[in-house]
Amino acid sequence: MIDTITMKWKDWTLHLIDQRKLPLEEIYVPCKNYEEVAQAIKKMIVRGAPAIGATAAFGYALGAKEMASGASSWNDFVEKMKVVRETLANTRPTAVNLFWALERMEKVMKNFGRLDGIVERLEKEAVNIAQEDIEINKAIGRNGAKLIKDGMTVLTHCNTGSLATVDYGTALGVIRTAHEQGKKIRVFADETRPYLQGARLTAWELLKYGIEDSYVISDNMAGWMMKKGEVDMVIVGADRVVANGDVANKIGTYSLAVLANRHNIPFYVALPTSTIDLSLKSGDEIPIEERNPDEVTHCGGKRIAPEGIKVKNPAFDVTEHELVSAIITEKGVIYPPYEENIRKILGK
Ligand code: MRU
């Protein structure tokens, strides 16, 4: 079964660590049906592209259990499962792993073709997705750590660690691997306003893994640190990478890429290949989630901006592929030209 910091799957209940409460409280929220799972994704109890994907897969399995018990036939069940898929899909629009996982689950369901045993088969597939994610992240870590030399300072953004995945992490997984290999590295973690994934979650993980020379910096400090020669590389995760190599990731990623380019610092993106969406040609086509204005006007539950002010709160931005030095995946490191090399590594 699955038992990690991020999620525990036991007796048909998905227990998710409430990432809204970290680092102050470590509480698990039990989700017993697909609607609760959808709410957990929407409310960001769970977040991070690969974690959202695996969570949705468990939601799909929970939905199947509920729908199978009331289905009069296979066709009736398949029809009912459309509601489950829609409910889970209508939670967060940007991370493609959500849609990737739902598609994989639906394909397994359709291939299975009969009611008897379908619930168990879908549970197995959700567990497979979660287990594979851990192995994939470790492979990303091994591939990416080769780029980190002893003594380097690495700057990262948002949270891309265990909490953003089923376990281990992508960009933070690369940093972890380098650390586990005994390389002495220094880490700058952007606080990542407005939701503070860096200050709250990445900082919590860095302490947990004993990466001692770690610092939280506010987002607007990154450029100055680069100018002073204090940053050797930037490594971030991704919510969606499209056919030409453009990258959607947490808001602020684009600014970092521009700054890295200005200072001749390599800018790496680490992700599982399930984050690659070949159906979109360029980053302009990626849907960008707009979130609640309160996340900007409030900090730690306290109002910091005056009542009545208008707010913009895009949760993600898009970095053009020209600004990306390389894309680190479980299958290897992809260098430009991306259009060609992404397809090559995927065999498509
Ligand atoms: O809004 P979030 O916290 O779900 O956004 C997370 C990110 O942008 C991560 O960088 C991305 O999902 C990669 S996580 C391995």
* To do: For residues that are under 15 Å from Y254 (Cα atoms) and either among the basic types (K, R) or more than 16 Å from the ligand (Cβ to nearest atom) (or both), scanning just the stretch 299-322, find the one that is least open to solvent (accessible area, probe 1.4 Å).
  => H321
* Taking the stretch 223-234, which residues are farther than 13 Å from V187 by Cβ and touching a residue at least 24 places away in the same chain (Cβ under 8 Å)? -> G223, M226, K227
* Among the residues of the stretch 77-132, how many are of a type in the set (S, T, N, Q) and within 25 Å of L280 (Cβ to Cβ)? -> 5
* Asked: Take the residues of the stretch 211-244 that are small (G, A, S) and closer than 30 Å to T273 by Cβ: which is farthest from the ligand (Cβ to nearest atom)?
  -> A243
* Asked: How many of the residues making up the stretch 83-111 are without any contact (Cβ under 8 Å) to a residue 40 or more places away in the chain and farther than 20 Å from A130 by Cα?
  -> 4
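Looking at K80, is it without any contact (Cβ under 8 Å) to a residue 12 or more places away in the chain and either over 17 Å from the mean Cα position of the chain (by Cα) or assigned to a helix (DSSP H, G or I) (or both)?
In short, no.
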* **helices (runs of 4 or more DSSP H) wholly inside the stretch 106-214 that include at least 3 residues being in the same structural domain as E25 (by TED's automatic domain parsing) and open to solvent by less than 10 Å² (accessible area, probe 1.4 Å)** => 118-145
* To do: Being within 13 Å of the ligand (Cβ to nearest atom) and hydrophobic (A, V, I, L, M, F, W, C) is the filter; apply it to the stretch 277-296 and report the residue that is surrounded by the most Cβ atoms within 10 Å (Cβ to Cβ).
  => I286
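Kindly indicate which of K138, K183 is basic (K, R) and more than 22 Å from the chain's Cα centre (by Cα). Explain how you work it out, then say what you get.
Values: K138 fails: more than 22 Å from the chain's Cα centre (by Cα).
Answer to the check: K183.
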* Taking only pairs six or more apart or across chains, which ones have beta-carbon atoms under 8 Å, a first residue in the stretch 204-218 that is small (G, A, S), and a second residue that is open to solvent by 40 Å² or more (accessible area, probe 1.4 Å)? -> G210/H179; S214/R186; S214/L207; S218/E191; S218/R193
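The values are calculated or read from the model by the stated rules, or taken from the named source; none is laboratory data. Predicted, not measured: the structure shown is a model, and the values here were computed from it. When we count neighbours, we look across all protein chains shown, and the Cβ atoms used for this are built from the backbone with ideal geometry, even at glycine. Ligands, DNA and RNA are excluded from the accessible area calculation, which covers all protein heavy atoms including side chains. Shrake-Rupley method; radii C 1.70, N 1.55, O 1.52, S 1.80 Å.
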